[in-house]
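Written out below as structure tokens is the structure these notes cover.
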Amino acid sequence: MTDKSAHETKDRVDLQTAVNADFGAMLGEPVEPLGDKGAIFIPTTLEKTPGMLARQEAATKELHVHANALDSGSYIAPLDPLDVLEFCRPGVQHGVYKNLRLGKYDTHARLDLHRHTVEQARHALWRFAEECRDRAVRCALVTHGKGEGRKHPAVLKSCVNHWLRQLPYVLAFHSAQKHHGGLGATYLLIKKSADARRETGEKIEQAKRHRG
């Protein structure tokens, strides 16, 4: 085994050790509901119709029933704190991905994972992504930090890079521009749910009626 291979293997073991340590710290201890901890959604000004409210209530109930889709025990490839996160699913237009990468889209929801354990971050990211989809948030920002200067560097950054790929409605993601957190944050491009698309149509009709 070469020195480089040995170093990479050690990095993988160190990262997995850090992840396992976080999970182990949670065993046997009560986990408090995260609620909106670290998450910010920019409110809309349009009134919600009864149909929109009913679907939102149903989606909220479903969110609490379904298990977290993000795995908690698989191997997570370690990243360097200065690595750029980049991912784009087939079918996403080049121009759309370029605009995301350059930070040209408004971010209507933000999640800050600072001071989260790995397990807390896993729950927070999944809940945040689900709510973004249900609220028709097209572009969001997740701040995870770079993890520089730590015994196990870039743990949360590595986990976010791993987890986001598991969510089929996350169409693309990329490390943010400097003014949005740079390599310590990531832009998300999210596909709207069917209910969210219907709500968008209702909002458009509502706006037309208000103008009329």
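Computed from the coordinates by the stated procedures, all read-outs in this text should not be read as laboratory data. Treat the numbers as computed from the prediction; the structure is a model and nothing was measured. Here Cβ is always computed from backbone atoms with ideal geometry, including for glycine, and neighbour counts include all displayed protein chains.
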Report summary line: The exposure ranking of 97, 169, fewest beta-carbon neighbours within 10 Å first, is 169, 97
Query raised in the report: Roughly what would the spin-label model give for residue 84 and residue 210, points 7 Å off Cα along C-beta, in nm?
Result: 3.9 nm
Query raised in the report: When the label point is put 7 Å from the Cα of residue 106 along its Cα-to-beta-carbon vector, which residues of the stretch 167-183 have a backbone N closer than 18 Å?
Result: 180
Query raised in the report: Long-range amide H contacts for residue 147: which residues qualify at under 5 Å (H placed 1.01 Å from N, peptide plane, sequence gap of 5 or more or a different chain)?
Result: 154
Requested in this report: Putting +1 on Lys and Arg Cβ atoms and -1 on Asp and Glu Cβ atoms, find which of 177, 160, 116 reaches farthest to the positive end of the dipole of the stretch 104-212.
Outcome: 177
